[in-house]
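The values are calculated or read from the model by the stated rules, or taken from the named source; none is laboratory data. Every value quoted in this text rests on a predicted model; they were computed, and no experiment measured them. FYI the Cβ positions are ideal-geometry reconstructions off the backbone, even for glycines, and counts take in every protein chain you see.
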Amino acid sequence: MSTNNVEQEIISIISDVSGFDEEEIKPDTNFFQDLEIDSIKAIEITVAIEKKFKIQVRDKDVPNITTLKQAVELVNTLLTQKATA
């Protein structure tokens with residue numbers, strides 16, 4: 001899956017959970033400050049990403065994902081690890 005596809009899928013998930021339009025979610029958009037995502041919504045997003053991409057995000061990584069760019073990088077890393085495992 002290409003990075004653009006991964007990014008678009010994550011934008012869709014974030015939009016669904018946050019209620020913000022997809023156009024408002026940019027690579028450097030801060031989930032907590034710009035999209036008013038709280039810890040519960042962050043977990044919802046993480047679970048949706050795990051299901052969509054069939055990956056496992058470590059609990060300790062969740063608080064470190066604060067922007068779309070970071071989420072895309074993490075998913076791409078996990079997908080690469082999964083493909084080489």
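Side notes on the structure shown:
- Whenever a residue of segment 53-64 is in contact (Cβ under 8 Å) with a residue 12 or more places away in the chain, its partners that are in a helix (DSSP H, G or I) and of a type in the set (Ser, Thr, Tyr), lying with C-beta atoms within less than 8 angstrom and at least six residues away or across chains, give the pairs Val57/Thr46; Val62/Thr46.
- Residue check for Lys41: loosely packed, with under 11 Cβ neighbours inside 10 Å and either free of Cβ contacts under 8 Å to residues at least 12 places away in the same chain or part of a helix (DSSP H, G or I) (or both): no
- Tallying residues that are free of Cβ contacts under 8 Å to residues at least 24 places away in the same chain, closer than 18 Å to Ser2 by Cα and surrounded by fewer than 14 Cβ atoms within 10 Å (Cβ to Cβ) within segment 65-85 yields 5.
- Scanning segment 31-85 for residues that are under 20 Å from Ser18 (Cα atoms) and hydroxyl-bearing (Ser, Thr, Tyr) turns up Ser39, Thr46, Thr66, Thr67.
- Filter result for Ile55 (modelled with pLDDT of 95 or more, surrounded by 17 or more Cβ atoms within 10 Å (Cβ to Cβ) and hydrophobic (A, V, I, L, M, F, W, C)): no
- Every residue from segment 9-31 that is surrounded by 13 or more Cβ atoms within 10 Å (Cβ to Cβ) and assigned to a helix (DSSP H, G or I): Glu9, Ile10, Ile11, Ser12, Ile13, Ile14, Ser15, Asp16, Val17, Ser18, Glu24
- Residue match in segment 14-25 (condition: under 28 Å from Ala85 (Cβ atoms) and modelled with pLDDT of 95 or more): yes
- Against the numbered list (1) touching a Phe, Trp or Tyr at 6+ places or on another chain (Cβ under 9 Å); (2) among the acidic types (Asp, Glu); (3) assigned to a helix (DSSP H, G or I), Asp61 comes up short only at (1).
- Condition check for Val47: touching a Ser or Thr at 6+ places or on another chain (Cβ under 7 Å) and either in a helix (DSSP H, G or I) or buried (at least 18 other Cβ atoms within 10 Å of the Cβ) (or both): no
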